[in-house]
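Presented below is the structure to which this report refers.
Derivation of every value follows stated rules applied to the coordinates shown; laboratory data play no part. Computed from a prediction, not measured in an experiment: that's the story for all the values here. With ideal geometry, Cβ positions are generated from the backbone for all residues, glycine too; neighbour counts draw on all protein chains shown.
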């Protein structure tokens, strides 16, 4: 974490200060979850003593699905891009071997860790470049808007946080508690941070928190679902974006909700139960069974 703060976060802050012509002592918020390494005293002490311009704000335990942009929707989009690229990688290997006369049943996929490690780089670069585009930036902004308090107008978007209504509400709130206002200004309070963290996590262990905040894994393979459908389902945003797989998603193929609230392709050819034992789609079968045997339609 120290390397990340020094080599990534601090240079990014300097870039923003230069871009927006801010003062060199401009404060910034470090908005992170209660992951084990984040709440350790060594890390908190490092920030407080060596980087006093960083104000740490922790997402309460169990609330990353509501107030952490990555969990709210960004990770789902990023993972989908990686899935599509991974599917392309496997299809390319399959096609290269069948072109040489290898039978489909004899296809060999790489299992070497160095080979698979190198193969992941392409998808990561594609994903990074995508989020630098206007569409990618719009997705990031929408994710922050989706971090909202249910039933209210409050969310973590820039429009809301820097709006006049939010500023007015904050000032009114702080006027009601002068002690809290002073504690915020001085970045410290009467309550020990360890007690605050324990209260916000309901006494859960680091292992329990890790499983709770990082254990939401999909069970469906949705790599054949178009990225546009995922964006609409996850973020309620409609963008005319291109898919990252040249082989998986079927252009215009409908998507439907699966049993685990994810998406699966609604295309009939993508449903394994739509085929006969001979590999023919049931909808294409020209013979049907009757009580007396097989009849032609």
Using packing as a proxy for protection, rank 132-142, 158-168 so that the peptide with the highest average count of other Cβ atoms within 10 Å comes first.
-> 132-142, 158-168
Label points 7 Å out from Cα along the Cβ direction at residue 137 and residue 90: separation in nm?
-> 3.6 nm
Provide the packing ranking of 179-186, 32-39, 73-80, 117-124, i.e. peptides ordered by the mean count of other C-beta atoms within 10 Å per residue, highest first.
-> 73-80, 32-39, 117-124, 179-186
Assuming R0 = 22 Å, what is the FRET efficiency of residue 160 and residue 22, from their Cβ-Cβ distance, to the nearest 0.05?
-> 0.55
Note the full-extension length gain between residue 103 and residue 126 as 0.36 nm times their separation in residues minus their Cα-Cα distance, in nm to one decimal.
-> 5.1 nm
Hey, what did region 1-135 get for relative contact order, percent, Cα under 8 Å, at least 6 apart?
-> 17 percent
